[in-house]
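The values are calculated or read from the model by the stated rules, or taken from the named source; none is laboratory data. These figures come from a predicted structure and were not determined experimentally. Methodologically, a virtual Cβ is constructed for each residue, glycine included, from the backbone with ideal geometry; neighbour enumeration extends over all protein chains shown.
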């Protein structure tokens with residue numbers, strides 16, 4: 001998992017840790033990228049594990065399009081954990 005690290009946002013940094021398939025589905029739906037659910041196989045634990053670097057790459061691409069607060073709101077309705085980091 002070389003790409004699992006804090007994500008840069010428009011105004012800072014954010015750690016996000018979706019864990020389960022449900023967490024990942026909720027995240028990709030919240031950011032308007034539901035097609036990535038199937039493309040990256042996040043519902044299936046084996047496929048999710050095989051694709052984890054690609055999944056975190058997509059998260060890294062999405063991060064800079066949102067503010068830190070906006071990034072937190074993507075996960076706060078689920079059990080995904082987030083934490084803003086000081087700049």
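Could you tell me which numbered condition residue 16 fails, if it satisfies all but one of (1) closer than 13 Å to residue 72 by Cα; (2) in contact with a strand residue (DSSP E or B) (Cβ under 8 Å, 6 or more places away or on another chain); (3) without any contact (Cβ under 8 Å) to a residue 60 or more places away in the chain?
Checking residue 16 against (1) closer than 13 Å to residue 72 by Cα; (2) in contact with a strand residue (DSSP E or B) (Cβ under 8 Å, 6 or more places away or on another chain); (3) without any contact (Cβ under 8 Å) to a residue 60 or more places away in the chain, the one that fails is (3).
Which residues, taken from the range 27-37, are assigned to a helix (DSSP H, G or I) and either at pLDDT 90 or above or surrounded by fewer than 16 Cβ atoms within 10 Å (Cβ to Cβ) (or both)?
Taking the range 27-37 as the starting set, the residues that turn out to be assigned to a helix (DSSP H, G or I) are 27-30, 35-37.
Residues satisfying the conditions are 28, 29, 35, 36, 37.
Scan the range 3-21 and give yes if some residue there is modelled with pLDDT under 95, assigned to a helix (DSSP H, G or I) and surrounded by fewer than 19 Cβ atoms within 10 Å (Cβ to Cβ), otherwise no.
Initial filter on the range 3-21 (modelled with pLDDT under 95): 3-21.
Pick out the ones that are also assigned to a helix (DSSP H, G or I) and you get 21.
Those still in the list that are surrounded by fewer than 19 Cβ atoms within 10 Å (Cβ to Cβ) too: 21.
There is at least one residue in the range 3-21 that is modelled with pLDDT under 95, assigned to a helix (DSSP H, G or I) and surrounded by fewer than 19 Cβ atoms within 10 Å (Cβ to Cβ).
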